Each structure stands twice: as C-alpha cells, then as structure tokens.
Amino acid sequence: MYYVLFIIKCLFTKFNFFRLTSNEQALVLKRNHLYFASGLLYMKNKSYQKAIYCLEKAHAFKQLMVCYEKLGATSCAIGLAEEHGYYKQGALICMKHHNKKKAAYFYSFTKPLYAAKLYKECDCYYEAGIAYMKTYQFLQAIECFYKATDPLQKLDGLRQIEEVAIVLYLSKQYEDSLKLFEALGDYYSVLECAKRCKNTELVRRLQELIATYEAHENNYLTAAHYIASLNMDRARLYYYLDQSSNDALKLAIDKGNYFSALKICFNTNNLPLAKQVAKLYA
C-alpha cells in the first residue's frame with residue numbers, strides 16, 4: 001500500500017527520486033514508511049545502525065541479523081536466528097565465530113547428524129544422543145547417553161531409548177527391539193524378544209545367564225524359574241537353596257565349588273541337598 005502511495009505521490013509532484021543520492025533515497029523511503037527498501041539502501045551504504053531501525057520496523061529479521069553481525073553484536077544476531085527459526089543462518093554465524101555448541105543447536109534442526117558430530121566435539125553427549133535419535137540412529141544415541149556426565153540427563157536419554165524399544169516390540173519389530181534392549185543391558189526384555197524371534201540358542205543362553213545372575217543375588221526362586229526348562233537338577237538345587245540359611249553353602253555353589261558344597265551338606269546332614277549338588281558336580 002505504501003509503495004503505491006509513494007509512486008502516485010512522485011507522479012503528481014513530479015518528484016525525481018532517482019536524482020537523489022542513495023542516502024537521500026533511503027531517508028525519503030523511511031519518511032514514507034517504506035522501511036524495508038530504506039533498510040536495504042542503508043545496508044548497501046554500510047549505514048548499519050540506521051538500517052537496523054528500518055529493518056526492525058519492517059520485521060525483516062534475516063537482514064537484521066546481517067546488520068547486527070556487521071556491528072559486532074553477534075549475540076543479538078544469534079538471538080534473532082533462534083527466536084525466528086533461521087537455523088541455517090544461525091548455524092553459519094556460530095561456526096564463523098567458533099561457537100560449535102550453539103552451531104550444533106541450530107544444525108540439530110537441519111542437519112542432525114552433523115549436529116551430533118559437533119556436540120561430541122564439545123563433550124555434550126546428551127545433546128549428541130538426542131540429535132542421533134532424530135535420525136533413528138538409536139545405538140549411537142545409547143553410546144552417547146552412557147557418556148553423559150549429568151546423571152539425570154543420562155537417565156532421561158536411556159529412558160527415551162527404552163520407550164523406543166517398547167514401541168518397536170509392540171509393533172512386532174522384535175529384532176530391532178532386541179538390539180536396543182541388549183544395548184541397554186535389559187536381558188530380561190532381550191529374552192522376550194528372542195522368544196518372539198524363535199532364536200532358541202539365544203533363548204537358552206539368556207536363560208542360563210539370568211538364572212546365574214539371580215542365584216548370585218540370592219534370588220533362588222527366580223533363578224529356578226529361568227533354568228527349569230533347561231536343567232531341572234539345577235532348578236531343584238535352587239529350590240533347596242531358597243530354603244537354606246547356610247551362607248557358606250550358597251557361596252560355594254555361587255563360585256562353582258561343588259566339592260566344598262558337598263562337604264558342607266554332609267557336615268550339616270542335609271542329604272537331599274547333597275544329592276542335588278552331586279548331580280551337578282557329576
């Protein structure tokens with residue numbers, strides 16, 4: 001609207017705008033509320049302070065960022081880029097001024113893999129993990145979350161990965177889910193995925209691993225549950241141990257020292273338990 005009025009004004013008054021110097025043209029445009037055109041002329045003449053006033057009026061934030069940077073007000077330029085979503089321009093300004101961490105923030109919206117690389121160079125592993133998650137590179141994200149120095153950030157990152165693994169499992173993407181649960185060290189969930197994948201060898205190894213761990217933690221009933229389908233003798237031993245209060249006996253079995261365990265059974269006159277230990281020792 002202002003442009004049309006300005007042209008009509010020039011025609012009726014026979015005002016020769018183009019005879020003016022560029023600074024005079026910028027001033028005339030400014031007085032006629034043509035702030036964007038005026039700001040561009042001021043920029044061309046390197047009158048950045050005057051350009052800022054006009055460009056703010058015109059809401060020309062991209063050009064405004066350039067002016068702030070030219071005047072050395074880098075933080076103002078970066079603030080505008082962040083506020084108005086000029087991520088590409090913000091990243092370039094930050095890289096130019098060697099602010100890798102802030103550049104990584106801007107790149108996380110446009111080039112998340114590159115953002116992850118920059119974050120790692122700054123030892124910002126939680127942020128790197130989040131960037132990897134945007135590109136579905138969850139295993140790399142887990143590696144970064146484990147390296148996070150803030151325990152709360154580490155916990156939050158791993159929790160997000162766990163949620164992804166659960167979603168994959170519920171979506172019947174069992175192999176992908178298995179990989180994430182394995183990287184998280186959740187072998188109970190890995191076992192469930194292995195069952196769904198019908199990987200019998202992995203199921204067997206996981207049942208033995210979990211049973212051994214639970215027995216080491218003195219959770220003998222749980223250990224018996226996991227080992228029962230593979231080794232009933234060992235399951236019975238765990239059932240007996242669950243009823244026993246002899247710590248020396250439990251320690252001997254936990255260490256695999258079955259001969260010492262047998263001696264303890266005989267010394268305590270626990271013949272049923274000695275029988276189960278003997279079966280394993282044999």
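Bear in mind these aren't lab numbers, they're just calculated from the coordinates by the rules spelled out. Remember, it's a predicted structure, so these values are computed and weren't measured experimentally. With ideal geometry, Cβ positions are generated from the backbone for all residues, glycine too; neighbour counts draw on all protein chains shown.
Length available on full extension from THR110 to LEU170: 0.36 nm per residue minus the Cα-Cα distance, which gives 18.6 nm. Whole-Hz Karplus values for segment 156-173 come out as 5, x, 5, 5, 5, 5, 4, 5, 5, 4, 5, 4, 4, 5, 5, 8, 6, 9 Hz, taken residue by residue from phi with 6.51 cos²θ - 1.76 cosθ + 1.60 and θ = phi - 60°; glycine and proline positions read x.
Spacing of the modelled spin labels on TYR146 and ARG196, each 7 Å from Cα toward Cβ, amounts to 2.3 nm. For segment 192-201, 3J(HN,Hα) computed residue by residue from phi via the Karplus equation (6.51, -1.76, 1.60; θ = phi - 60°) reads 5, 5, 4, 5, 5, 7, 6, 8, 5, 5 Hz, glycine and proline entered as x.
Hey, quick one: spin label on THR212, modelled 7 Å out along Cα-Cβ, who in segment 219-243 has an amide N within reach, i.e. under 14 Å? Counting backbone N atoms under 14 Å from the label point, the list is 227.
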